[in-house]
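Trainee: Supplied in structure tokens, the structure appears directly below.
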2 protein chains.
Amino acid sequence: MGYMKTILSLDIGGTNIRAGLFSKNSTKPFFIKKIRTSGQNCTPLENIINLIAELQQEQPRIDAISMAVPGSIDNKHGVIIKAPNVGGWKNMPLRDIISEKFGIVPSIENDASMAAYGEWKHGAGRGHDYLLYMTISTGIGGAVIDDGHLLTGFRGLGTEKGHMTIVENGPLCSCGQPGHLEALASGTAIAAYVRRKMAEGAKTILEADPAPTAETIAKAARKGDALSIEAYHDAGYYLGVGLANYLHIFNPSCIILGGGVSFSGELFYEPFYASLKQHVLSEEYLAGLEINYAQLGDDAGLIGAYQWSLDHL
Amino acid sequence: MGYMKTILSLDIGGTNIRAGLFSKNSTKPFFIKKIRTSGQNCTPLENIINLIAELQQEQPRIDAISMAVPGSIDNKHGVIIKAPNVGGWKNMPLRDIISEKFGIVPSIENDASMAAYGEWKHGAGRGHDYLLYMTISTGIGGAVIDDGHLLTGFRGLGTEKGHMTIVENGPLCSCGQPGHLEALASGTAIAAYVRRKMAEGAKTILEADPAPTAETIAKAARKGDALSIEAYHDAGYYLGVGLANYLHIFNPSCIILGGGVSFSGELFYEPFYASLKQHVLSEEYLAGLEINYAQLGDDAGLIGAYQWSLDHL
């Protein structure tokens, strides 16, 4: 029996860092560990280094390190241009730091791209070579695979799928621009919609709730709360406008929806799909189009980064 | 000296069909012919077949045939799904027809994609691997190259760069949907803007003109006509909104602008660039971004199809 390659995969999030040790022929890590990104009085970078060192103790022979990071990555140089949620990283030369420390040049990619890659190879996108992956939670992110090619853009900045103007002078986005998809269809948008209408005097069973979230609003909607249903309807409608745009640009054979808001069931899906149908240029964009829910859950980034490293190193 | 490959390239437009014979080492065709798409009392298809036959007389040994077609192409099967401007083609099995007739399996791609490919290899995009090509004339079309990969989409339908909603309930597009980029920034949009304002009583030196076009409006603007300047300003502004969206999605290192409206100079470019700067997520999308005018003019599609065939056959 030949020597079995070991890949250390890390999914670095704003809250947690998850690391897994994979052998070549399985998408199930044989060792996994989760820590807080900013825990133990350490910086995120120190925690990453300590975590790698710890996993190296577990398995001294590591052949590759692969990292998924929530930000804009210059993947030619392995520099994190910007990762607001990870200690405010800016122009962080992560590849050089890790490779000096451990003697292994890591691959570093955007986390939504890696989640899309994982879903493509092992999850909801299997068998499709033209894939649009959208994750709708607090914000909106996404990634695209065209004929097996994962889009990144020149400096890794082509990952901002939520920052598309679809309503001129619409509600302000977290980035400061008006009318972006993220400001209209994300969990944040759903909560903002309810707050806005409540301030205007709309009646709702959420009145006792000082800070309604997408989750509590979904619960209220399931109890029949009209305002809550309306908020999800509005978000679904705008997701349909945005994804019609993306169908015209990318013509995928499969859309994968991930993130908490996506999993609100018919409450969100029905108005979304009706709006998609309404806004699409022609029926041909929907013919044979699969729309699937993401299958890999929290493991998508970890599995994607592992598979990416396997395919590209 | 070895045998020199000959490639027959065709650029099929709604008005004209241009055909060129190229040898392997030159982007200058050694023979070229232009005919009307629907001339000689023949259908476009008959004209294409006759033209290929004529060029075969000129050069009996043709190694490859490459075609650029203004429509949605299922390039896996060589079927034109839709080409409204070429005799209303729908599901036209062009590849099979040509290959049965001439014993050569042609490559068939979208014309904007081929123009982008030509500009990338031999024109305004040389040296860039991340390219956004936009053509702004009567309509708006475009193509994208990411890390040397030309995007097409699953069934060749991912070429509709003008059909992106950017203004909810905005002016109607030719496709029937409201607020698309094409309805706000194309030559048609500029003419519609002037007509709309004239109907509302706006003063303009165009009053004697029964049907102002983007060209006559540009001339009037250069004479200082306020309404005409405003119309170009409005179109440039919305092109900036649309291209900011595309920068966030694709992060190209080069934008190439082609088509008549693009070539209106500062009249269009200044409001466009100001709006692009205003709407972009961060300066990083503009850092090092080249914005070039298309260089190959009417030859872009022909040269692109020739080069595509050379690179892919």
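Trainee: GluC sites (Glu not before Pro), restricted to region A:112-215: which are DSSP loop and have at most 13 other Cβ atoms within 10 Å?
Mentor: Sparse-neighbourhood loop GluC sites (Glu not before Pro): A:Glu200.
Trainee: Here's something else I'd like to know. Using a 10 Å cut-off around each Cβ, can you sort B:Cys42, B:Cys254 from fewest to most neighbouring Cβ atoms?
Mentor: Fewest to most other Cβ atoms nearby, the residues stand as B:Cys42, B:Cys254.
Trainee: Where does the charge balance sit around A:Ser174 when Lys and Arg score +1, Asp and Glu -1, over other residues with C-beta under 13 Å from its C-beta?
Mentor: Charge balance in the 13 Å sphere: -2.
Trainee: Roughly what would the spin-label model give for B:Asn50 and B:Asn169, points 7 Å off Cα along C-beta, in nm?
Mentor: 5.2
Trainee: Here's something else I'd like to know. Roughly how big is the protein assembly as shown's charge dipole about its Cα centre, with Cβ charges of +1 (Lys, Arg) and -1 (Asp, Glu), in debye to the nearest 20?
Mentor: 460
Trainee: Does the protein assembly as shown come out rounded, prolate or oblate by the C-alpha gyration tensor, with a ≥ b ≥ c the root eigenvalues, rounded set by a/c under 1.5 and, if not, prolate when a/b is larger than b/c and oblate if not?
Mentor: Because a/c hits 1.5 or more and a/b fails to exceed b/c, the protein assembly as shown counts as oblate.
Trainee: Going by how many other beta carbons lie within 10 Å of each one, how would you line up B:Asp299, B:Asp209, B:Asp234, fewest first?
Mentor: Listing B:Asp299, B:Asp209, B:Asp234 from fewest to most nearby Cβ atoms yields B:Asp209, B:Asp234, B:Asp299.
Trainee: Tell me which of B:His128, B:Gln177, B:Asn292 sits at the most positive position along the dipole axis of region B:124-294, charges placed on C-beta atoms (Lys, Arg +1; Asp, Glu -1).
Mentor: B:Gln177
Trainee: Could you work out how far helix B:300-312 tilts from the main Cα principal axis of chain B, as a 0 to 90 degree angle to the nearest 10?
Mentor: The angle comes out at about 50 degrees.
Trainee: Among the aspartates and glutamates, select those whose C-alpha is under 19 Å from the C-alpha of A:Lys223, and discard any that sit fewer than 8 residues away in the same chain.
Mentor: A:Glu207, A:Asp209, A:Glu215, A:Asp234, A:Glu266, A:Glu270
Trainee: Rounded to the nearest 10 degrees, what's the angle between the helix B:111-122 long axis and the longest principal axis of chain B, both from Cα atoms, 0 to 90?
Mentor: 80
Trainee: Kindly provide the trypsin sites (Lys or Arg not before Pro) of region B:40-107 that DSSP labels as loop, not H, G, I, E or B, and whose Cβ sees at most 14 other Cβ atoms within 10 Å.
Mentor: B:Arg61, B:Lys76
Trainee: Okay, next question. What's the angle, to the nearest 10 degrees (0 to 90), between helix A:226-250's Cα axis and the longest principal axis of chain A?
Mentor: 60
Trainee: Give the percent of DSSP beta bridges with both residues in region A:127-294 that are antiparallel, rounded to the nearest 5.
Mentor: Among the beta bridges of region A:127-294, antiparallel pairing accounts for roughly 55 percent.
Trainee: In peptide B:135-146, what is the residue-averaged number of other protein chain Cβ atoms found within 10 Å of each Cβ?
Mentor: Per-residue shielding by partner chains comes out at 1.
Trainee: If you don't mind, another one. For n ≥ 4 DSSP H runs only, could you compute -39500 (n - 2.57) per run for chain A, divide by its residues and tell me the 222 nm figure to the nearest 500?
Mentor: Result for chain A, helices only: -11500 deg cm²/dmol.
Trainee: Among B:Lys24/B:Lys121; A:Lys161/B:Lys82; B:Lys76/B:Lys161; A:Lys24/A:Lys161; A:Lys219/A:Lys277, which pairs are too far apart, with a Cα-Cα distance over 25 Å?
Mentor: A:Lys161/B:Lys82; A:Lys24/A:Lys161; A:Lys219/A:Lys277
Trainee: Something else: For region A:225-291 and region B:99-153, write down the distance between their C-alpha centroids in whole Å.
Mentor: Cα centroid to Cα centroid, the span is 29 Å.
Trainee: Out of B:Ser253, B:Ser26, B:Ser264, any idea which swings most in a Gaussian network model of chain B, alpha carbons joined below 10 Å?
Mentor: Highest fluctuation among the options: B:Ser26.
Trainee: Give me the inter-chain shielding for A:276-282: mean count of other chain Cβ atoms within 10 Å, whole number please.
Mentor: Per residue, the number of nearby Cβ atoms from other chains is 4 on average.
Trainee: Run the numbers on chain B and let me know its relative contact order in percent, using alpha-carbon pairs under 8 Å that are six or more apart.
Mentor: Relative contact order for chain B comes out at 19 percent.
Trainee: Taking the Cβ of A:Gly125 as the center, what net charge do the other residues with Cβ under 11 Å away carry, scoring Lys and Arg +1 and Asp and Glu -1?
Mentor: Summing Lys and Arg as +1 and Asp and Glu as -1 gives -1.
Trainee: Let me ask something else about it. Obtain the radius of gyration and the Kirkwood radius of region B:6-111 from its C-alpha atoms and give Rg over Rh.
Mentor: Computed over Cα atoms, the ratio is 0.94.
The numbers here are math on the coordinates, done by the rules we state, and not lab data. Fair warning: this is a prediction, and the values are worked out from it, not measured in the lab. Cβ sites come from the backbone with ideal geometry, for glycine too, and all protein chains shown count toward neighbours.
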